[in-house]
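Bear in mind that the values in this text are calculations on the coordinates, not laboratory data. Small disclaimer: the values here were computed from a predicted structure and weren't measured. Glycine gets a Cβ as well: all are built from the backbone with ideal geometry, and neighbour counts include every protein chain shown.
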Amino acid sequence: MRYLSTRGHPGRKRFSEILLEGLAPDGGLYLPEQYPQIDRAGLADLRAVWREQGYAELAFRLLSLYVDDIPAQDLRAMCGRAYNEAVFGTPAIVPLKPLEGGLQLQALSNGPTLAFKDMAMQLLGQLFEYELGRRSQVLNILGATSGDTGSAAEYAMKGKKGVKVFMLSPHNRMSPFQQAQMFSLQDANIHNIAIEGVFDDCQDIVKAVSNDLGFKAHWHIGTVNSINWARLLAQVVYYFAGYFQATQSDEERVSFAVPSGNFGNICAGHVARMMGLPIARLVCATNENDVLDEFFRTGTYRVRKTAETHETSSPSMDISKASNFERFVFDLLGRDGPRTRALFGEQVEKQGFFRLSDTEFQQIGHYGFVSGASTHANRLETIRDTHRRFGVMIDTHTADGLKVARQWTEPGVPMLVLETALPAKFAQTLVEALGLEPERPAALQGIEALPKRFTVLPADVARVKAYIEAHA
Ligand SMILES: *Cc1c(COP(=O)(O)O)cnc(C)c1O
């Protein structure tokens, strides 16, 4: 399998080459040259693998279709270490919880940081350590976080050989729980840097450091952001696992509703569907930051300015542009690299939006996508309703998915709503909705009282660089 860029660059690369890279050289995103096709016999095979050998082996089989430069026994061992009961607390890894009719939640948030980002990041930790070891290289991961991504990255990379993490977060602006999750890590390769500023200051510093190509090369600076193909690939697996749990035969179809921000999670659903998994609808659910809902309704993709981005009660979906979206548009346009480059590399860059032609927009019907958006009031109501009728507490992101899912159910087609975080992570809004504190998994009780490891720095690029030089 070779990988290409969505913007038409002639280069082709193998999996291990793009694993540690960010964007393609022309600014595009990497995708496989083609999607391996799973026919009905192949699907029956995978169902048997999932039933008899479990999630990790299913992951190995699916990854093997895309990875041909890592020996099979090594890849299988990495899947086994990433996806096991000790890490995810349940042998099913991504179990379903039925609500009513065909409507079910698929739990993706039983990993160490209680959000679905662990699903991909746990595998990424294995792959990074493996590939760096094979090349005798080191990597210093630099990132900015306001919550979920940073902690998932730290828990995946902690103690891994060859990797150090430098994670910037806005000083005193994360929730006490999120802060404790990150700052209580005692592993020497994890560096928490609390920046005296807001999240955008953190992100600007990461950009400034990454744009200093000399510094970046000398100190082996890399990222684990959501455009990484390996992250997306890891997420394809749970669409198959959800399908197998919700159906008896390979003739049936299911739909998925996905609380979306950067379009990473639902893009993995698109890949699964392109491989032949019988997915009826992919429901793209957004909060008040409805860039994607607007696109699926109108064919216009309009990125927002930072000042236009709403701070919502589902903060992990508060985005101004959807960084993985270009992958889907590339497929939608018949994999036309120059056209994709014109839309994303020119129109979005220069005017902040693009509009598909009518012919292009009509193609969307072939890809199963539909969409909707929720408000804070919708999410509170959905959290209350779900608790009252089913005795189940859901978090604000999942509530967004469930609210929009209800607009798109079809008789006879199960609708799986991806549960992207546990309610314990967003306790404040749960209390607002229900007057109740959500339960926390035993391992995380009282973490706010643990000793914290972090360094406070001013929002100053030079100071952050000096810190990295001293600790890389
Ligand atoms: C990251 C995140 C999302 C959004 O996922 P994307 O892949 O960015 O679309 C939704 N919910 C939670 C809890 C998240 O952490």
Compactness of segment 122-176, expressed as Rg and Dmax over alpha-carbon positions, Å: 12.3, 39
Prolate/oblate/rounded call for segment 290-380, Cα gyration tensor, a/c under 1.5 rounded: oblate
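Calculate, for Asp212 and Ser175, the FRET efficiency according to 1/(1 + (r/R0)^6) with r their C-beta to C-beta distance and R0 45 Å; round to the nearest 0.05. Walk me through the numbers on the way to the answer.
On the way: r = 32 Å, r/R0 = 0.71.
For Asp212 and Ser175, the calculated efficiency is 0.90.
Answer rounded, prolate or oblate for segment 156-224, using the Cα gyration tensor with square roots of eigenvalues a ≥ b ≥ c: rounded when a/c is under 1.5, else prolate when a/b is larger than b/c, else oblate.
Values: a/c = 2.96, a/b = 1.18, b/c = 2.51.
It comes out oblate by the Cα gyration axes.
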Helical contribution to [θ] at 222 nm, DSSP H n ≥ 4, -39,500 (n - 2.57), averaged over the chain, rounded to 500: -12500 deg cm²/dmol
FRET efficiency, Arg2 to Arg388 (Cβ-Cβ, R0 35 Å, nearest 0.05): 0.10
Total formal charge among the other residues, if their Cβ is under 12 angstrom from that of Arg453, Lys/Arg +1 and Asp/Glu -1: 0
Separation of the Asn84 and Ala72 label points, Cα + 7 Å toward Cβ, nm: 2.1 nm
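Which of rounded, prolate, oblate describes segment 34-177, given a ≥ b ≥ c as roots of the alpha-carbon gyration tensor eigenvalues and a/c under 1.5 marking rounded, otherwise prolate only if a/b is larger than b/c?
Details: a/c = 2.31, a/b = 1.23, b/c = 1.88.
The shape class here is oblate.
Could you compute the net charge surrounding Thr312? Neighbours are other residues with a C-beta less than 10 Å from the C-beta of Thr312; K and R count +1, D and E count -1.
Values: positive: Arg379; negative: Glu288, Glu311, Asp318, Asp400.
Cβ neighbours under 10 Å give a net charge of -3.
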Selection of GluC sites (Glu not before Pro), segment 276-377, meeting DSSP coil and at most 16 other Cβ within 10 Å: Glu311
Top positive-direction residue, dipole computed over segment 282-360 with Cβ charges, set Thr359, Ser313, Phe295: Thr359
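Return the loop-located trypsin sites (Lys or Arg not before Pro) in segment 9-63 (DSSP other than H, G, I, E, B) with at most 16 other Cβ atoms within 10 Å of their own Cβ; answer none if there are none. Walk me through the intermediate numbers first.
Details: sites: Arg12, Lys13, Arg14, Arg40, Arg47, Arg51, Arg61; in loops: Arg12, Arg14.
Passing both the DSSP loop test and the Cβ count: Arg12, Arg14.
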Distance histogram in 10 Å bins (all Cα pairs of segment 234-348, percent per bin): 13, 40, 32, 13, 2
All lysines inside 24 Å of Lys97 as judged from Cα atoms, apart from same-chain residues fewer than 8 positions distant: Lys117, Lys403, Lys425
